[in-house]
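Notes follow the structure.
The values are calculated or read from the model by the stated rules, or taken from the named source; none is laboratory data. As the structure is a computational prediction, the values presented were derived from the model and not from experiment. When we count neighbours, we look across all protein chains shown, and the Cβ atoms used for this are built from the backbone with ideal geometry, even at glycine. Note: accessible area is taken over every heavy atom of the protein model, side chains too, but ligands, DNA and RNA are not part of it. Shrake-Rupley method; radii C 1.70, N 1.55, O 1.52, S 1.80 Å.
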Amino acid sequence: MSKQIAVKVDDLTVAYNYKPVLWDIDLEIPEGVLMAIVGPNGAGKSTLIKSILGILKPIAGSVTIYGKPYQKQRQLVAYVPQKGSVDWDFPTTALDVVMMGTYGSLGWIKRPRQKEKKAALEALEKVGMLAFKNRQINQLSGGQQQRIFLARALVQNASIYFMDEPFQGVDATTEIAIINILKELRKAGKTVIVVHHDLQTVPEYFDWVTFLNVKKIATGPVKDIFNDDNLTKTYGINFKVSVQE
Amino acid sequence: MDIQEYFSLVFSDYTLRTITLGTAILGAVTGMLGSFAVLRKQSLLGDAISHAALPGIAIAFLITGAKDSNTLLLGALVSGLVGTFWIRSIVKKTHLKSDTALGLILSLFFGFGMLLLTFIQKQPNANQAGLDKYLFGQAATLVESDVWLMAIVTGLCLFVLLLFWKEFKLLLFDADYTKTLGFNTKFIDILITSFIVLAIVLGLQTVGVVLMSAMLLAPAAAARQWTNSLATMVFLAAIFGAFSGVFGTAISASQTNLSTGPVIVLVASVFVLFSFVFSPSRGLLFKQIRFIKNRRDLELHKTLAFMHHIAETHENVSHPHAIKLLNSFQGYTRKTLQKLVEMDYVELEGNMWSLTKVGFETAENLYTKQSTEDE
């Protein structure tokens, strides 16, 4: 397998206070995978994503995107934060939020125009939310809000997508809709990295997985490493998830 | 002077015109910036800033010995900025939450300011009197140059707001995401905060340290009730703020012994109260009305559905049944029955009721109708 490495993390260590949240993480994510990051609460899953994206400053270590630092490659990367990280009572519409995805390529001061609006509408259509474009965001259901966040990332037209628990608190219909979009992204050669909680669905949804609990436990293809051994090492209790070999 | 006299004098009388213009401009700029503070959940920031400005006023006086308002406000600006950035670094570097940091800085600076004020008052200097006007504000001391300064700052603020509108909005909604898009969030944040400090300091002379934060919050809180668009909210907040300034000045000028600052704040509060109650989408009144109406409709529909359930058992859907049968049904009252009759869904005869054809069909489609209306 001589695939290009999309994201490379070296010796990454992050601490909030005294206790390290991430310890000496080395990680290589090949291009074109649909990868789950799994681990218990407090394992540093969101922290890992945020450190890669430069939202958090690591104590040590480096991150490269296609061989260059994030600051130089930011146009290649899109981010879907946790739904709960923003105030949905903010006075704005669904379309407006999705338009925000175009702000990065616009840069300072320049206003979005017809072209950006068209891209936002297309993204809304992709996530099945076109009918809600003028809806006030506080009048959307949790699943719909998640789709809006996904659409905002899609507008960025990136190569690598980072998503922080996109399935949290959404109903089955939305979950299926989202996973279908993620699989489509992979088919288009994009790399998708997802913080994920539901271990049962890992083999079905993802082809790559990283086990994380402050340290990296294992990373690789789901079919090779998603087993009771790694789950036990990560979660610390004896695990029996029946995985089809 | 009554209100009518005020409005006839406002264009000709120099003092009245100056004060009215000043309070209007002040209300507009604080309302505008207040929208940002409210949406960032930094409502108390204004309070901390205005209190933090007090020692700056005292120190500026101690150094220059002059009561020139521009010098004093410069002192206020410096200490307001120092206080604000202390709050930021406390939040960043310690585990304290921002409300604790705000409270700490507010009381620390205000306490220090009061200490200096009492010290100044004990000085054998004829010039000392009048510094305490910055505590509660004194609009009457506004002169034309003050208004010009306010106008210039407001113009500048408007220009920056329009220029960085997209960035401000993005930061307000989702700061982390803003960072990943490559914007310097620290720069945007400092820009917004500096303007908030500037606006507050400008208002100290008119409204005073103690009440200044209301100028920031009240128009914004009122505006939020009327709209779901950020641009409209900022615009409305500016309008509400400006009108609070004008009405407040008018009321206080038409009575003797009514201090302008507090009256302006009270007028702004009336805007808030009115908006909380009467806003069509978010107001308490219409919410309650919608709630009651919705409940009543549901009661009516459920009763009809219950009757439909009984009527179904008969071949003839309009077969009469005893009213008694309905007594055990929760939500049924004589009134609902009357209403159903008015709607031609039900016919009454003595102690018996029967469903009409229309009533039966409506009942049959109730649930599907309800769910399509929801869409």
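Of the strands (runs of 3 or more DSSP E) lying entirely inside the range A:144-220, none contains at least 3 residues that are out of contact with any Gly (no Cβ under 9 Å at 6 or more places or on another chain), of a type outside the set (Val, Ile, Thr) and open to solvent by 10 Å² or more (accessible area, probe 1.4 Å). A search for C-beta distances below 6 Å between a residue of the range B:224-252 that is within 14 Å of another protein chain (Cβ to nearest Cβ) and any residue that is in a helix (DSSP H, G or I) and among the basic types (Lys, Arg), counting only pairs 6+ apart in sequence or on different chains, returns B:Leu230/B:Lys169; B:Met233/B:Arg224. The residue of the range B:170-185 that is farthest from A:Pro69 (Cα to Cα), among those that are charged (D, E, K, R) and either more than 7 Å from chain A (Cβ to nearest Cβ) or open to solvent by 20 Å² or more (accessible area, probe 1.4 Å) (or both), is B:Asp176. Given the residues B:Thr141, B:Thr94, which is the only one that is farther than 19 Å from B:Ile190 by Cβ and free of Cβ contacts under 8 Å to residues at least 60 places away in the same chain? From the options B:Thr141, B:Thr94, the qualifying one is B:Thr94.
Of all residues assigned to the range B:196-210, none qualifies as being part of a loop (DSSP other than H, G, I, E, B) and in contact with an Asp or Glu (Cβ under 8 Å, 6 or more places away or on another chain). Contact map, the range B:153-167: first residue away from chain A (no Cβ under 14 Å), second residue open to solvent by 30 Å² or more (accessible area, probe 1.4 Å), Cβ cut-off under 9 Å, separation 6 or more or different chains; pairs are B:Val153/B:Ile25; B:Val153/B:Leu198; B:Thr154/B:Ile25; B:Leu156/B:Leu198; B:Cys157/B:Leu198.
Do any helices (runs of 4 or more DSSP H) entirely within the range B:260-371 hold 3 or more residues that are open to solvent by less than 40 Å² (accessible area, probe 1.4 Å) and within 30 Å of B:Ala218 (Cβ to Cβ), and if so, which? Explain how you work it out, then say what you get.
Values: elements: B:260-278, B:284-311, B:334-342, B:357-364.
Helices (runs of 4 or more DSSP H) meeting the threshold: B:260-278.
Checking each residue of the range B:229-249 against the condition of being assigned to a loop (DSSP other than H, G, I, E, B) and either closer than 20 Å to B:Val147 by Cα or touching a Pro at 6+ places or on another chain (Cβ under 8 Å) (or both) gives at least one match.
Candidates are the residues of the range A:77-91 that are modelled with pLDDT under 95 and not in a loop (DSSP other than H, G, I, E, B); the one that is nearest to the other protein chains (Cβ to nearest Cβ) is A:Ser85. Only one of the numbered conditions (1) within 13 Å of another protein chain (Cβ to nearest Cβ); (2) surrounded by fewer than 17 Cβ atoms within 10 Å (Cβ to Cβ); (3) free of Cβ contacts under 8 Å to residues at least 12 places away in the same chain is not met by A:Leu130, and that is (1).
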